[in-house]
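Notes follow the structure.
The values are calculated or read from the model by the stated rules, or taken from the named source; none is laboratory data. The model shown is predicted, which means the values in this text are computed figures rather than measured ones. Every residue, glycine among them, receives a Cβ derived from its backbone with ideal geometry; neighbour counts consider all protein chains shown.
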Amino acid sequence: MYNNSRYWRKYIVLISLFSSLFLAQCSKSDVLSNSNLNNRSVGASANELLSASSYQSINMQIHYMPGFAPDPASLNSLVNFLNALINKPGGINISQTQIAASGKTILTLSEINEIEKNNRTVFTTGTTIGIYLLFTDGKYTDNSAVGLAYRNTSIAIFGKTVEDNSGGLNQVTRTKLETTIEEHEFGHILGLVDIGSAMQVNHKDPNSNHCNNAACLMYFSTNVMGGIGISGPVLPLDANCRNDLHANGGK
């Protein structure tokens, strides 16, 4: 989660525990009668995403609200990022669809859950694990938050907040901001730090589920507007985070 307080960075895991009645299957009519594969806490599907033991491929459903389609370069970087970490011989399949505007300036977690419940159609089934990525037109209740991993396979990107904090004078580019957000939040659903992918050595920030290395993508300050450098590339995962993912079934 991208925000300007350590409280909210720690809260990323706690908020994931609030679940709706949304259950994972291929059609909405089956939602309440089948297993709860996509309605678990952040990090609960880390091994399923990293390894090929349960699922051979990923179907990523992207929904965006009018005016907030994802940056193509950032999505390309995200796919490359994931392919370097996960064992999915069937690959990553992405679909993108515009959905209705929220009509709200501020969105709560409950409202984000409801948007997913009413629109998501791609779920974990067979040998394919489903991921849901939502780009909203509203900000989060903590209006400094730019991204949120809120379930085991669910991420929200707050498009209006991205728009307000990128592309201007003395601001990071939209591509770099979006890429950093997407990769950081995916890091959380892959189990970093210590929320599904066990640490091989202790490298956890004492105040949050982030890495203690300032040169790592999962460092807490990459959650802070202004903590993302205007120049230079997107921060990579450091060796400790990579080792955690490898030990949990990743490359």
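Quick notes on this one:
- Meets criteria (farther than 15 Å from residue 242 by Cβ, modelled with pLDDT under 95 and surrounded by 23 or more Cβ atoms within 10 Å (Cβ to Cβ)) for residue 147: yes
- Restricting region 212-251 to residues that are β-branched (Val, Ile, Thr) and part of a loop (DSSP other than H, G, I, E, B), the residue that is modelled with the highest pLDDT is 234.
- Of all residues making up region 163-188, the number that are hydrophobic (A, V, I, L, M, F, W, C) and either crowded, with 24+ Cβ neighbours inside 10 Å or in contact with a Ser or Thr (Cβ under 7 Å, 6 or more places away or on another chain) (or both): 3
- Yes/no for residue 209 being polar (S, T, N, Q), under 23 Å from residue 44 (Cβ atoms), crowded, with 21+ Cβ neighbours inside 10 Å and out of contact with any His (no Cβ under 6 Å at 6 or more places or on another chain): yes
- Among the conditions (1) of a type in the set (Val, Ile, Thr); (2) more than 16 Å from the chain's Cα centre (by Cα); (3) within 16 Å of residue 67 (Cα to Cα); (4) not in a strand (DSSP E or B), the only one that residue 162 does not satisfy is (2).
- Looking across region 44-67 at every residue that is small (Gly, Ala, Ser) and within 28 Å of residue 107 (Cα to Cα), the one that is surrounded by the fewest Cβ atoms within 10 Å (Cβ to Cβ) is identified as 67.
- Restricting attention to region 173-191 and to residues that are outside any helix (DSSP H, G or I) and in contact (Cβ under 8 Å) with a residue 60 or more places away in the chain, the residue that is farthest from residue 76 (Cα to Cα) turns out to be 191.
- Of the residues 156, 145, the single one that is under 21 Å from residue 42 (Cβ atoms), in a loop (DSSP other than H, G, I, E, B) and under 14 Å from the mean Cα position of the chain (by Cα) is 145.
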